[in-house]
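The values are calculated or read from the model by the stated rules, or taken from the named source; none is laboratory data. What you are looking at is a predicted structure, and each value in this text was computed from that prediction instead of being measured. Virtual Cβ from ideal backbone geometry, glycine too; neighbours counted across all protein chains shown. Please note that ligands, DNA and RNA were not included when accessible areas were found on the heavy atoms of the full protein model with its side chains. Shrake-Rupley method; radii C 1.70, N 1.55, O 1.52, S 1.80 Å.
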Amino acid sequence: MLFSELFGDYSNALRPVEDTDKALNVTLQITLSQIKDMDERNQILTTYLWIRQSWYDAYLKWDKDEYDGLDSIRIPSNLVWRPDIVLYNKADDDFSEPVNTNVVLRYDGKITWDAPAITKSSCVVDVSYFPFDDQQCNLTFGSWTYNGNQVDIINALDSGDLSDFIEDVEWEIHGMPAVKNVITYGCCSEPYPDITFTLILKRRSSFYIFNLLLPCVLISFLAPLGFYLPADSGEKVSLGVTVLLALTVFQLMVAESMPPSENVP
């Protein structure tokens, strides 16, 4: 009965505000669960996120005393109006819709929508200090069609939530601060707010020290031994060529994973 009365004349295509001149506030919270991949060569960061959005729908309210104290219901998210908040710096060719998980609707009109997402975002990677480098990758979320006068985005926290983060074998996370920006683009005169989460990463260098740096150093120490070999042994040229080929193999290993940029490690 409650569902029938709420959605009898409801339309999920319209922004649910009583005064169309006022902006609808959407609270955004991002929880980082896992870093799935950092592709330095293509400069793409793949992450597993939990995206929580909450807002108030002016047309979905009821008196809980009239329904035996029922204060919340769970309904499919495609039945209610949802903000079209997307990842601006998305680097994925799959433009699928968000996961159609249920939303929690409270009697006062508050809607909470939790949805998991695997995102691929562009990230400028500077490998000058590889393998002792730090990287900063931005995740920028904002509404695609609504301007700031229609939908305003609010930070739920000053940073992304890292309490459920699964430790990564290659990267350490040193924070995920969040900053709200209001930008006026060249196409339109209205302001467009967005929230940028900056993922601060530090590479775990132990693997590269033992598998890349130490072998290169030890092989380099073999090069001066060629001066101590007697000229008639016939191994001076063989040792020099072998050292050169070994160093070339390690150079190719580094070049395969690094982007073809001017910043060389």
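Using a probe of 1.4 angstrom and keeping all protein chains present, the accessible surface of the chain works out to 58 square angstrom per residue. Considering only D19, D152, D84, the Gaussian network model of the chain with Cα springs below 10 Å gives its largest mean-square fluctuation to D19.
Please label the shape of the chain as rounded, prolate or oblate, based on the square roots a ≥ b ≥ c of the eigenvalues of the alpha-carbon gyration tensor (a/c under 1.5 means rounded; beyond that, a/b larger than b/c means prolate, else oblate).
On the way: a/c = 4.13, a/b = 3.08, b/c = 1.34.
It comes out prolate by the Cα gyration axes.
Helix 236-257 and the long axis of the chain differ in direction by around 10°, with both axes built from C-alpha atoms. Global dimensions of region 1-120 from alpha-carbon coordinates: Rg and Dmax equal 17.3, 60 Å.
Between M1 and L247, the simple label model (points 7 Å from Cα in the Cβ direction) yields a spacing of 8.6 nm. Highest average first, the peptides 3-9, 126-132 ordered by how many other beta carbon atoms sit within 10 Å of their residues are 126-132, 3-9. Taking the centroid of alpha carbons for each part, region 184-201 and region 77-142 are 14 Å apart. Structure remark: mean-square fluctuation, Gaussian network model of the chain, C-alpha springs under 10 Å; the largest value among A91, A117, A231 belongs to A231. Ligands, DNA and RNA left out, the 1.4 Å accessible surface of the chain is 55% carbon and sulfur atoms. Protection proxy ranking for 184-191, 195-202, 212-219, 232-239, using the average of other Cβ atoms within 10 Å per residue and placing the highest first: 195-202, 212-219, 232-239, 184-191.
In region 112-265, the alpha-carbon atoms span a convex hull of 152 Å³ per residue.
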